[in-house]
Amino acid sequence: MDFLIVARTVISLALVSGALAVIVSVADKVLNNYGECKLDINDGQKQLTVEGGSSLLSTLAGQKIFIPSACGGKATCGLCKVQVLSGTGAGQVLPTEEPYLTEKEKADSYRLSCQIKVKSDMRLRIPEELFNIREFICELVEIEDMTYDIKRLRLKLPKGDEINFKAGQFVQLYTKPYGKVKEEVFRAYSISSKASEKDHLELLIRLVPDGICTTWVHTALKEGEQVRVSGPYGDFFLRGDCEELIMVAGGSGLAPIRSLVYDVIEKGLPHKMRFFFGANTVKDLYYLEEFTRIEKDHPQFSFIPCVAKPEPEANWQGESGFVTVALENQVDTGEAKEAYLCGSPGMLNACIKILKSKGFKDNTIFYDEF
């Protein structure tokens, strides 16, 4: 008897839960059915009719207008700013947007496009250069283990196609459904290849625990597959109004620095370069032979690899300790120098503090946070 009561209760709860799920689904479709909305961009430069209900970021991407976003629309990078000049659907600035918008930007109607839905007609202003960003369907012709948790991807563009980027910029890489992941996501990765080689791209991707995109790359992606990217994006590129470039990177942050180093050399620019590369252990180092060769062939370039915790058995002969220690000891002044940094927020903050103590100004420190 008790068993029958329990069974009936379970069945009843299941039926109620199912009915509620159906009601919520129907209500969502009804309440969030905003119909067609018109987007006026840059005072009529582009006029689009789109289906309402999705984020402005994804809606624009669906129209092949690619707004930069390193985090894939999670409101953790702050890159996807656009001006929303009118459109009641945008509402007030959300708490998720507050950390990334200055008071002036808010007064000028800037919003994070990943955080607002298209609910009505909207008038937007978007930087002109974003219209030049393109989508490419590439072939993954090579995937290589650089360390135990970093892979190098070489992506070949369609025959006759080219990508024009500045050394230091990034692209957005789009995943495919795999395993339990049923939806496409995208993440930003710096280009590590030479800007002069326009028929392919190389990316360095470190495995992030539970990272949807990095797990796809490290466990599901195979040579010969087609891979979708868009770009180029970003303002991390050489200014060069100086005599010497101080470069600092950690882990996969090496990618844009590698591209920058080759760009300076290929263009015959007069800058001296010092590259401080930080790793936790010796097994986290890579491209050692390549940068050592560049140092030998080009006297204006110095390579300083630093290992925070070298294993005794590795017999490491280079700099020991955090990369910030070498930076502190070997850079004496910011005069006639620019700094280019790429790494974790902790590393960046520590490096910026040291550089400012040496006399570097805000307008001589450039960084790419990931």
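The values are calculated or read from the model by the stated rules, or taken from the named source; none is laboratory data. As the structure is a prediction and not an experimental result, all values here were calculated from the model. All Cβ positions, even for glycine, are placed from backbone atoms using ideal geometry, and neighbour counts span all protein chains on display.
Below is a table of values for the structure above.
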| read-out | value |
| --- | --- |
| Positions within region 38-74 being among the aliphatic types (A, V, I, L, M), part of a loop (DSSP other than H, G, I, E, B) and within 21 Å of TYR100 (Cα to Cα), in sequence order | ILE67, ALA70 |
| Number of positions in region 245-270 that are surrounded by fewer than 20 Cβ atoms within 10 Å (Cβ to Cβ) and either under 11 Å from TYR340 (Cα atoms) or more than 25 Å from the chain's Cα centre (by Cα) (or both) | 6 |
| Close pairs from region 142-171: first closer than 26 Å to VAL282 by Cα, partner assigned to a loop (DSSP other than H, G, I, E, B) and among the charged types (D, E, K, R), Cβ under 7 Å, at least 6 apart | GLU142/GLU223; ILE143/GLU223 |
| Positions within region 134-170 being among the hydrophobic types (A, V, I, L, M, F, W, C) and either under 23 Å from LEU60 (Cβ atoms) or touching a Cys at 6+ places or on another chain (Cβ under 8 Å) (or both), in sequence order | PHE136, ILE137, CYS138, LEU155, LEU157, ILE163, PHE165, PHE170 |
| Residues that are assigned to a helix (DSSP H, G or I) and either aromatic (Phe, Trp, Tyr) or farther than 22 Å from ASP368 by Cβ (or both), drawn from region 75-113 | THR88, GLY89, ALA90, GLU98, TYR100, GLU103, LYS104, LYS106, ALA107 |
| Inter-residue pairs, beta-carbon under 6 Å, first at positive phi and assigned to a loop (DSSP other than H, G, I, E, B) and in region 299-320, second crowded, with 17+ Cβ neighbours inside 10 Å and among the small types (Gly, Ala, Ser), 6+ apart | none |
| Members of region 168-185 that are at pLDDT 95 or above and in a strand (DSSP E or B) | PHE170, VAL171, GLN172, LEU173, TYR174 |
| Filter result for the condition that a residue is touching a Ser or Thr at 6+ places or on another chain (Cβ under 9 Å) and more than 22 Å from LYS358 (Cβ to Cβ), over SER259, SER230 | SER259 |
| Positions within region 321-370 being in a loop (DSSP other than H, G, I, E, B) and hydrophobic (A, V, I, L, M, F, W, C), in sequence order | PHE322, VAL331, ALA336, PHE360, PHE370 |
